[in-house]
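**Q** Below are the C-alpha cells for one structure; questions will follow.
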Amino acid sequence: MTNEILRAVLGWTALLNIAVLMFWFLVFVFAHDFVLRLHGRWFELTRPQFDRIHYAGMAMFKLGNVLFFIAPYLALRIIA
C-alpha cells in the first residue's frame, strides 16, 4: 500500500468518524428526551447519568479518532 492510498484512507475515515460524531451530538442535543426515554426502557438511568455516559462516550470517540486517524494522517502529510 502506498503512502498516497494510506493517506487517503486515513483522511476519509477521519471525515466519516467526524460525521458520525456530529450526528451523535445533534441527536443528543435535539432528541435528548426521546433517546433518554428509549434507553430508560432498557437501563435504569437518571438524566445526569445518561448525560455523563454520552459525554464520556463522545470524548472517547473523538480521542480515538484523533489518535488513530487524524494524527497518522498528519504525520503522512508531513513526511510526504
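Just so it is clear, none of the values below were taken in a lab; they were calculated from the coordinates. None of these values were measured; they are calculated from a predicted model. Here the Cβ is made from the backbone with ideal geometry for all residues, glycine too, and neighbour counts use every protein chain on show.
**Q** With a cut-off of 8 Å between alpha carbons and a minimum separation of six or more residues, what is the relative contact order of the chain in percent?
**A** Taking the mean separation of contacting Cα pairs over the length of the chain, I get 61 percent.
**Q** Tally Lys and Arg at +1 and Asp and Glu at -1 over the other residues with C-beta under 14 Å from the C-beta of Ala14: what net charge comes out?
**A** +3
**Q** Let me make sure I get this right: for the chain, a, b and c are the square roots of the gyration tensor eigenvalues over alpha carbons, sorted descending. Under 1.5 in a/c it's rounded, otherwise prolate if a/b > b/c, else oblate. Which is it?
**A** Cα axes put the chain in the prolate bin.
**Q** Can you tell me which of 36-48, 17-29 comes out highest on packing, and rank the rest after it, using the mean Cβ neighbours within 10 Å?
**A** Sorting 36-48, 17-29 by mean packing, highest first, produces 17-29, 36-48.
**Q** In addition: Helix check for the chain. Which DSSP H runs span at least 24 Å along their own axis by Cα, with a mean Kyte-Doolittle hydropathy no less than -1.0?
**A** In the chain, the long hydrophobic H runs are 3-30, 47-65.
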